[in-house]
Amino acid sequence: MTAQSHHDSADGSADDLAEGARTDSCGCAHADVGATDPVTDPAPKEGAAAAAGGAQGEEETAPVSPGRLEAFSDGVIAIAITLLSLEIKLPDGGGSLLHSLTSLWPSYLGFVLSFLLVGQVWLNHHAIFVRVRSVDQWMLICNLFLLLDVAFLPFATSVLTRSLESGHDERTGAVFYGMVMVVGGLFFNALWRASIRDRGRLRAGVSEAEVRSMTRRFAMGPWLYSLAALLGMVSAWLSVVTYVALIVFYMVGHRPRRVSPAGG
């Protein structure tokens, strides 16, 4: 009786151990199936790819730096200023050199006038982009049209100086020159308006009072150039004097802005 009980207990213990082994094995199997392997599971890869795609999207939509726009603009302005001097040509003829040189005084006047006007555009162009941190598509387009007008200015200068040298159609030449400046003033104001359309685009420290002051000064340009063009219908020289006054007005009113090294 005792031996049989001992045998039954041994069989029960063996069955319990076998059942426990099966339970542990099943539990381990479930753990293996449900576990996430960081090496073989594709979910982290998909998450990393999504994160990389998001970062790439942020780079594609990141604001454009104004540095490239300024470099391109400086190049066009520099070429336009250089072309002004090429419009001064020594006249053909057998006269004395001194007479030929002195007869070119309208060309000298036109060169200095347009040189200072283009220089004024460059100064005010710099005044805009020293105050902004980035540019958008509208600013790029407006800037391109402004450069179109600047590149056309050497021809307008040639028309003005030739009319002054010949003494014929002086008023037409003065009005034509003035209209080119009016168009340039309109494009410049469009560029400024596009720059301040989003105040978050401006650098830190640019106040609303400063923005309003510059807006008023820039807005006066097309009107004043229109006045100079209209005066050209009366007298070409009266128009030229008005252009000189505008150069003084805008160059004296130009105030460079200090920018912190951080560029904020």
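Tabulated data for the structure shown
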| item | result |
| --- | --- |
| Boolean, G119 is loosely packed, with under 14 Cβ neighbours inside 10 Å and out of contact with any Asp or Glu (no Cβ under 6 Å at 6 or more places or on another chain) | no |
| Residue selected from the range 123-145 under the condition part of a helix (DSSP H, G or I) and of a type in the set (V, I, T), by the criterion modelled with the highest pLDDT | I141 |
| Test for R212: is it of a type in the set (K, R), under 21 Å from the mean Cα position of the chain (by Cα) and assigned to a helix (DSSP H, G or I) | yes |
| Criterion (assigned to a helix (DSSP H, G or I) and either at pLDDT below 90 or closer than 20 Å to L160 by Cβ (or both)) met by exactly one of V206, V259, V240, V234 | V240 |
| Residues of the range 72-98 classified as closer than 19 Å to T161 by Cα and hydroxyl-bearing (S, T, Y), total | 2 |
| Given (1) of a type outside the set (A, V, I, L, M, F, W, C); (2) modelled with pLDDT of 95 or more; (3) exposed (fewer than 14 other Cβ atoms within 10 Å of the Cβ), index of the condition S213 fails | (2) |
| Members of the range 52-84 found to be modelled with pLDDT of 90 or more and more than 17 Å from H125 (Cβ to Cβ), listed by number | T82, L83, L84 |
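Every residue, every condition in (1) closer than 30 Å to D198 by Cα; (2) assigned to a helix (DSSP H, G or I); (3) assigned by TED's automatic domain parsing to the domain that holds L231; (4) in contact (Cβ under 8 Å) with a residue 24 or more places away in the chain, yes or no:
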{"residue": "L109", "(1), (2), (3), (4)": "no, yes, yes, yes"}
{"residue": "V121", "(1), (2), (3), (4)": "yes, yes, yes, yes"}
{"residue": "L148", "(1), (2), (3), (4)": "yes, yes, yes, yes"}
{"residue": "H168", "(1), (2), (3), (4)": "no, no, yes, no"}
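The values are calculated or read from the model by the stated rules, or taken from the named source; none is laboratory data. Bear in mind the structure is a predicted one, so any value in this text is a computation, not a measurement. As a convention, Cβ positions derive from the backbone with ideal geometry for all residues, glycine included, and neighbour counts pool all protein chains shown.
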